[in-house]
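Following: one structure in structure tokens, then a few remarks.
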Amino acid sequence: MADDAPGFSAEQELVIAALIDAVVPPSDDGRLPGAGELDLVPHVERSVRQSPMLRPVLDYGLSAIAELAAKRSPAGLKGLSRADWAAVFAEFTTGDEFFTPAFMFLVYGGYYQHPRVVTVLGLEPRAPHPKGYEMGADDWSLLDVVRRRPRFRSSE
């Protein structure tokens, strides 16, 4: 999926949002928010644009889940109770080998980078640089092995 490729449909976004909620619920003690509270659908879309090989996997899973939801309710996902949604998710994941791990990878990546989660984990919600962390002095002697090699000549 290129940067100019279309994102997900409204129906797919609805399934993604429901799945995000199911994959990372809030912690029992309330310290960590559920992933559904963090609006991670744009993160999933951005990640799929950056890794286009994930798009067919997500399309397959989202359509299969939508079909299972439609079997339980004519309104699809919107017409399901929490218990029915949990049953659909469980039914799908029981036979799935590809979608669930890929989707969880995408969600966890967004979840554990989210400023609210990073803060709760006791870290500063920022990139490691430019404020950075203490780094040792460079050891340029590590390149001596490469410097001693004969020069590479192209065959042209």
If VAL88 satisfies all but one of (1) closer than 21 Å to VAL41 by Cα; (2) surrounded by fewer than 12 Cβ atoms within 10 Å (Cβ to Cβ), what's the number of the condition it fails?
(2)
Within region 62-152, helices (runs of 4 or more DSSP H) holding 1 or more residues that are more than 20 Å from the chain's Cα centre (by Cα)
82-95, 144-148
Give me the pairs, please: first residue somewhere in region 112-134 and charged (D, E, K, R), second residue anywhere and modelled with pLDDT of 85 or more and in a loop (DSSP other than H, G, I, E, B), beta-carbon distance under 6 Å, and either six or more positions apart or on two chains.
ARG116/PRO33
Looking only at region 145-155, decide whether some residue is on the phi < 0 side of the Ramachandran plot and surrounded by 10 or more Cβ atoms within 10 Å (Cβ to Cβ).
no
If we scan region 40-50, do we find a residue that is surrounded by fewer than 18 Cβ atoms within 10 Å (Cβ to Cβ) and more than 18 Å from LEU14 (Cα to Cα)?
yes
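How many residues are surrounded by 13 or more Cβ atoms within 10 Å (Cβ to Cβ), on the phi < 0 side of the Ramachandran plot and not polar (S, T, N, Q) if we restrict to region 68-78? Give the steps one after another, and end with the answer.
Quick first cut of region 68-78, residues surrounded by 13 or more Cβ atoms within 10 Å (Cβ to Cβ) only: 68-70, 72-73, 76-77.
Retained after the next criterion (residues that are on the phi < 0 side of the Ramachandran plot): 68-70, 72-73, 77.
Going one step further and asking which of them are not polar (S, T, N, Q), we end up with 68-70, 72, 77.
Result for region 68-78: 5.
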Name, by its number, the condition in (1) without any contact (Cβ under 8 Å) to a residue 40 or more places away in the chain; (2) surrounded by 15 or more Cβ atoms within 10 Å (Cβ to Cβ); (3) within 20 Å of GLY110 (Cα to Cα) that does not hold for VAL24.
(1)
Log entry, pairs with first residue in region 44-64 being in contact (Cβ under 8 Å) with a residue 12 or more places away in the chain, second being among the charged types (D, E, K, R), beta carbons closer than 6 Å, six or more apart or on different chains, reads VAL48/ARG55; ARG49/ASP3
Taking the residues in region 103-123 that are of a type in the set (A, V, I, L, M) and surrounded by fewer than 17 Cβ atoms within 10 Å (Cβ to Cβ) as candidates, determine which candidate is modelled with the lowest pLDDT.
LEU123
Can you confirm whether ILE20 is touching a Phe, Trp or Tyr at 6+ places or on another chain (Cβ under 7 Å) and either within 28 Å of GLN113 (Cβ to Cβ) or of a type in the set (Val, Ile, Thr) (or both)?
no
So is ASP84 over 29 Å from PRO115 (Cβ atoms) and either out of contact with any Pro (no Cβ under 6 Å at 6 or more places or on another chain) or at pLDDT 95 or above (or both) or not?
yes
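The values are calculated or read from the model by the stated rules, or taken from the named source; none is laboratory data. Not measured: the values here are computed from a predicted model. Cβ coordinates were reconstructed from backbone atoms using ideal geometry, including for glycine residues, and neighbour counts include every protein chain displayed.
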